[in-house]
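See structure below.
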Amino acid sequence: MKPIEFADGEVEIDASIVAEGLGIALPRLKEGMRAGTITSVSERGVDADQGRHRLTFFSEHRRFRVVVDDATGTIVQRSAVDFGDSTLPQSARKPD
């Protein structure tokens with residue numbers, strides 16, 4: 001499996017990429033996803049961003065984002081915002 005794949009309208013990303021981006025261990029990521037404390041948003045690019053997706057993942061204290069080329073599954077950009085001991089503000093949970 002490629003790190004990120006698109007099939008049948010679904011996006012699959014290697015969980016280790018998300019865990020690393022959120023700065024947590026893989027078991028904690030899986031636990032948080034099951035509990036609903038780690039969430040995500042997938043956005044399809046339009047106009048100048050056609051052919052790309054932006055995937056954003058949220059934990060209690062961190063937002064991790066990747067921009068992916070749809071055709072190859074290659075990550076073309078990644079970023080993370082860490083709020084340290086502060087809770088992630090609601091404004092950071094919204095798409096730009």
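A quick yes/no check of all residues on (1) surrounded by 15 or more Cβ atoms within 10 Å (Cβ to Cβ); (2) part of a strand (DSSP E or B):
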{"residue": "E5", "(1), (2)": "no, yes"}
{"residue": "E12", "(1), (2)": "no, yes"}
{"residue": "S16", "(1), (2)": "no, no"}
{"residue": "G21", "(1), (2)": "yes, no"}
{"residue": "I24", "(1), (2)": "yes, no"}
{"residue": "P27", "(1), (2)": "no, no"}
{"residue": "T56", "(1), (2)": "yes, yes"}
{"residue": "T72", "(1), (2)": "no, no"}
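Collect the residues in the stretch 74-87 that are over 15 Å from T56 (Cα atoms) and open to solvent by 50 Å² or more (accessible area, probe 1.4 Å), keeping them in residue-number order. Please lay out each step first, then the result.
Going through the stretch 74-87, the residues over 15 Å from T56 (Cα atoms) turn out to be 74, 83-87.
Across the stretch 74-87, the qualifying residues are T74, F83, D85, S86, T87.
What number of residues in the stretch 74-96 are of a type in the set (A, V, I, L, M), modelled with pLDDT of 90 or more and not in a strand (DSSP E or B)?
Here is the first cut: in the stretch 74-96, the ones of a type in the set (A, V, I, L, M) are 75-76, 80-81, 88, 92.
With modelled with pLDDT of 90 or more added as a condition, the list becomes 75-76, 80-81.
Among the residues that remain, those that are also not in a strand (DSSP E or B) are: none.
Here the count works out to 0.
Just to be sure, is F64 in a strand (DSSP E or B), of a type in the set (F, W, Y) and either surrounded by fewer than 18 Cβ atoms within 10 Å (Cβ to Cβ) or over 11 Å from the mean Cα position of the chain (by Cα) (or both)?
On the way: in a strand (DSSP E or B): yes; of a type in the set (F, W, Y): yes; either surrounded by fewer than 18 Cβ atoms within 10 Å (Cβ to Cβ) or over 11 Å from the mean Cα position of the chain (by Cα) (or both): no.
Against the criterion (in a strand (DSSP E or B), of a type in the set (F, W, Y) and either surrounded by fewer than 18 Cβ atoms within 10 Å (Cβ to Cβ) or over 11 Å from the mean Cα position of the chain (by Cα) (or both)), F64 does not qualify.
Output the qualifying pairs, or none if there are none: Cβ atoms under 6 angstrom, residues six or more apart or on different chains, first residue in the stretch 7-36 and farther than 12 Å from F57 by Cα, second residue assigned to a helix (DSSP H, G or I) and open to solvent by less than 30 Å² (accessible area, probe 1.4 Å).
Final answer for the pair search is L26/A19.
Of all the residues that make up the stretch 29-48, how many are open to solvent by less than 60 Å² (accessible area, probe 1.4 Å) and of a type outside the set (G, A, S)? Reasoning before the result, please.
Pass one, the stretch 29-48, residues open to solvent by less than 60 Å² (accessible area, probe 1.4 Å): 29, 32, 36, 38-39, 41, 43, 45.
Imposing the further condition that a residue be of a type outside the set (G, A, S) reduces the set to 29, 38-39, 41, 43.
Here the count works out to 5.
The values are calculated or read from the model by the stated rules, or taken from the named source; none is laboratory data. Computed from a predicted structure; not experimentally measured. Note that we place each Cβ from the backbone using ideal geometry, even for glycine, and neighbour counts take in every protein chain shown. Ligands, DNA and RNA are excluded from the accessible area calculation, which covers all protein heavy atoms including side chains. Shrake-Rupley method; radii C 1.70, N 1.55, O 1.52, S 1.80 Å.
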